[in-house]
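The values are calculated or read from the model by the stated rules, or taken from the named source; none is laboratory data. Everything numeric in this text was worked out from a predicted model, so none of it was measured. A quick note on method: Cβ atoms are made from the backbone with ideal geometry, for glycine too, and the neighbour counts reach across all protein chains shown.
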Amino acid sequence: MDFAVNTLMFTVRFSVALMIASMGEMFNQKAGIFNLGCEGIMSMGAFLGMLIPFSMVGAGTAPAYINLLGLLAASVCGALMGLLFGVIVITFRAPQGIAGIGMQMFGVGLAGTFFRSFIGGSQSIAGIPSVDIPLLSKIPVIGKIFFTHNPIVYFAYLMVPAAWYVIFKTPWGLKVRAVGTHPRAADSLGINVNRIRFQSLAVGGAMAGFAGAFLTLCQTKMFTADIISGRGFIAVALVYFGQWHPIKIFLGAILFTFAQTFQMQIQNFVPRFPYEFLTMLPYILVIIVLAFNRKSNRLGPSALGRPFNREMRV
C-alpha cells in the first residue's frame, strides 16, 4: 500500500516541471518554431530560482515573496532567452535544430559558470515548503496523494486548462495556430507572423524558466550542473506524444513521471534489482510510444521548423 501511495504522490509532485516545460514548448511549436534549447532555458531558470533566495537568506527559510521573486526572475530570464532564440531563427533564419542545440549548450554552460562564480559549491535552500490542505489532506489514501503538496504544484496543474483555453479559445491563440499552420495565409490577413512567433517564444521560454525554478525551489532545494537531466528534450518529445494538445501533453507528462517514480520506488523497496535497467525505463517508454505514434507527424503544424519570409515563397 505504501509503495502505491508513494508512487502516485511523487508522480503528482515530480510531473510539474516536465508538464510546464512541455506546455511552453507546445506554444513554440504551435507557432512553427522548433526549440531544442528548452533544456538550456530550464537550466538558467533553475539557477536563478535558487540564487535569489540563497543570496538573500542563505540556507534559512525565505519569506514567500522572496521565493516568488526567484520564480519571477527565472520566468523573465526564460522569456529573454526565448526572444534571443527568436532573433537567431526568425530574424537571421538560422536552422532551428542546430540553433536549439546551441541554445541548450549556451544555457547549461552559462548556468554552470554562474553557479561556480556566485555560489561556488553544493549548497541547499529551504525552498517552498509543502502545505497540507485542511480536511482534504486527512482523507485516507487520496489525501496524501493529492493534497499534501506545495502551492506551486496546484498552480501548475491549473496552467493545463489555462493553456488549453489560451490556445483554442482566444484570438491570440488562433493567431498562434495560424502562423504555425499557414503563415502566408495569416500574413495575407494582416497578422504579423514574426511578431506572433516572438511572442510565442517569450511565453514558452518563460514557462521553461519557471519549470527550472520549480526544480530548485520545490523539488531538489539545491542546484547541480545536471539538475535538468534531459527534461528539456523529454518536454519536446512530449509535445509530439501529445499531438500538440495540452490535455494529451499533460497525460504524457504524467505517464513519463509515473515510470520515473516507479523505478525510484522499486530501488527503495527492492534494492538488489538492477538499477541501470530501471533508470533507462522511462526513456525507453518515450521512445516506444513515439515510434508507434506515427500519426503525430500528420497532426503537427505544417510550417513547423520553416522560417517565414514575406519576400519569398517559403
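Scan (1) loosely packed, with under 15 Cβ neighbours inside 10 Å; (2) touching a Leu at 6+ places or on another chain (Cβ under 9 Å) for the single condition Thr279 breaks and write down its number.
Of the numbered conditions (1) loosely packed, with under 15 Cβ neighbours inside 10 Å; (2) touching a Leu at 6+ places or on another chain (Cβ under 9 Å), the odd one out for Thr279 is (2).
Scan the stretch 176-193 and report the pairs whose first residue is assigned to a helix (DSSP H, G or I) and whose second residue is crowded, with 23+ Cβ neighbours inside 10 Å and basic (Lys, Arg), with Cβ atoms within less than 8 Å and a gap of 6+ or a chain change.
Matching pairs, first to second residue: Val176/Lys30; Arg177/Lys30; Val179/Arg197; Gly180/Lys30.
Only one residue in Ile133, Ile98 is loosely packed, with under 13 Cβ neighbours inside 10 Å, of a type in the set (A, V, I, L, M, F, W, C) and either at pLDDT 90 or above or not in a helix (DSSP H, G or I) (or both). Which one? I'd like the intermediate steps shown before the answer.
Numbers: Ile133 fails: loosely packed, with under 13 Cβ neighbours inside 10 Å.
Answer to the selection: Ile98.
Among (1) surrounded by 15 or more Cβ atoms within 10 Å (Cβ to Cβ); (2) free of Cβ contacts under 8 Å to residues at least 12 places away in the same chain; (3) farther than 21 Å from Ser15 by Cα, there is one condition Phe168 misses while meeting the rest; what is its number?
(1) is the only condition that Phe168 fails.
Could you list, ordered by first residue, the pairs with Cβ atoms under 9 Å in which the first is in the stretch 131-149 and of a type in the set (Phe, Trp, Tyr) and the second is surrounded by 13 or more Cβ atoms within 10 Å (Cβ to Cβ) and not in a helix (DSSP H, G or I), at least 6 apart or interchain?
Short answer, once both residue conditions are applied: Phe146/Ile133; Phe146/Ile139; Phe147/Asp132; Phe147/Ile133; Phe147/Ile139.
Any residue that is within 12 Å of the chain's Cα centre (by Cα), of a type in the set (D, E, K, R) and either crowded, with 24+ Cβ neighbours inside 10 Å or under 20 Å from Phe256 (Cα atoms) (or both) - is there at least one of those in the stretch 9-24? Walk me through how you get there before you give the answer.
To start, the set of residues in the stretch 9-24 that are within 12 Å of the chain's Cα centre (by Cα) comprises 14-24.
Next, from what is left, pick out any that are of a type in the set (D, E, K, R): none.
No: zero hits.
Which of the residues spanning the stretch 216-245 are touching a Pro at 6+ places or on another chain (Cβ under 9 Å), more than 25 Å from Ser130 (Cβ to Cβ) and among the aliphatic types (A, V, I, L, M)?
Those that are touching a Pro at 6+ places or on another chain (Cβ under 9 Å), more than 25 Å from Ser130 (Cβ to Cβ) and among the aliphatic types (A, V, I, L, M): none in the stretch 216-245.
Okay, residues lined up against (1) of a type in the set (A, V, I, L, M); (2) closer than 15 Å to Thr220 by Cβ:
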{"position": "Met50", "(1), (2)": "yes, yes"}
{"position": "Met56", "(1), (2)": "yes, no"}
{"position": "Ala64", "(1), (2)": "yes, no"}
{"position": "Asn67", "(1), (2)": "no, yes"}
{"position": "Gln96", "(1), (2)": "no, no"}
{"position": "Val108", "(1), (2)": "yes, no"}
{"position": "Ala111", "(1), (2)": "yes, yes"}
{"position": "Phe114", "(1), (2)": "no, no"}
{"position": "Gly127", "(1), (2)": "no, yes"}
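I need the full set of residues from the stretch 212-244 which are on the phi > 0 side of the Ramachandran plot and in contact (Cβ under 8 Å) with a residue 12 or more places away in the chain, in order please. Show your work before the answer.
In the first step, residues of the stretch 212-244 are kept if they are on the phi > 0 side of the Ramachandran plot; the result is 221, 229-230, 243-244.
Passing the criteria: Lys221, Gly230, Gln243, Trp244.
Being among the aromatic types (Phe, Trp, Tyr) and touching a residue at least 12 places away in the same chain (Cβ under 8 Å) is the filter here; which residues of the stretch 76-128 pass it? Outline the logic, then answer.
The first filter runs over the stretch 76-128 and keeps only residues among the aromatic types (Phe, Trp, Tyr), leaving 85, 92, 106, 114-115, 118.
Matches in the stretch 76-128: Phe85, Phe106, Phe114, Phe115, Phe118.
Output yes when any residue across the stretch 48-70 is within 16 Å of Leu215 (Cα to Cα), at pLDDT 95 or above and polar (S, T, N, Q), and no when none is.
No; the residues of the stretch 48-70 include none that is within 16 Å of Leu215 (Cα to Cα), at pLDDT 95 or above and polar (S, T, N, Q).
Can you tell me which residues in the stretch 222-242 are in a loop (DSSP other than H, G, I, E, B) and buried (at least 18 other Cβ atoms within 10 Å of the Cβ)?
Let us first name the residues in the stretch 222-242 that are in a loop (DSSP other than H, G, I, E, B), namely 223-230, 242.
Those that are in a loop (DSSP other than H, G, I, E, B) and buried (at least 18 other Cβ atoms within 10 Å of the Cβ): Phe223, Ile227, Ile228, Gly242.
Restricting attention to the stretch 33-84, and to residues there that are within 16 Å of the chain's Cα centre (by Cα), outside any helix (DSSP H, G or I) and not aliphatic (A, V, I, L, M), which single residue is surrounded by the fewest Cβ atoms within 10 Å (Cβ to Cβ)?
That would be Phe34.
Does the stretch 24-31 include one or more residues that are touching a helix residue (DSSP H, G or I) at 6+ places or on another chain (Cβ under 9 Å), within 30 Å of Ile191 (Cβ to Cβ) and outside any helix (DSSP H, G or I)? Full working, then the answer.
Filtering the stretch 24-31 down to residues touching a helix residue (DSSP H, G or I) at 6+ places or on another chain (Cβ under 9 Å) leaves 24-31.
So of that shortlist, the ones also within 30 Å of Ile191 (Cβ to Cβ) come out as 24-31.
With outside any helix (DSSP H, G or I) added as a condition, the list becomes 31.
Yes, some residue in the stretch 24-31 is touching a helix residue (DSSP H, G or I) at 6+ places or on another chain (Cβ under 9 Å), within 30 Å of Ile191 (Cβ to Cβ) and outside any helix (DSSP H, G or I).
Residues being of a type in the set (Phe, Trp, Tyr) and surrounded by fewer than 16 Cβ atoms within 10 Å (Cβ to Cβ): count how many of those fall in the stretch 243-273. Don't jump to the end; show me each part of the working.
Residues of the stretch 243-273 that are of a type in the set (Phe, Trp, Tyr), as a first pass: 244, 250, 256, 258, 262, 269, 273.
Add one more test, that the residue is surrounded by fewer than 16 Cβ atoms within 10 Å (Cβ to Cβ), and what stays is 269, 273.
Qualifying residue count for the region: 2.
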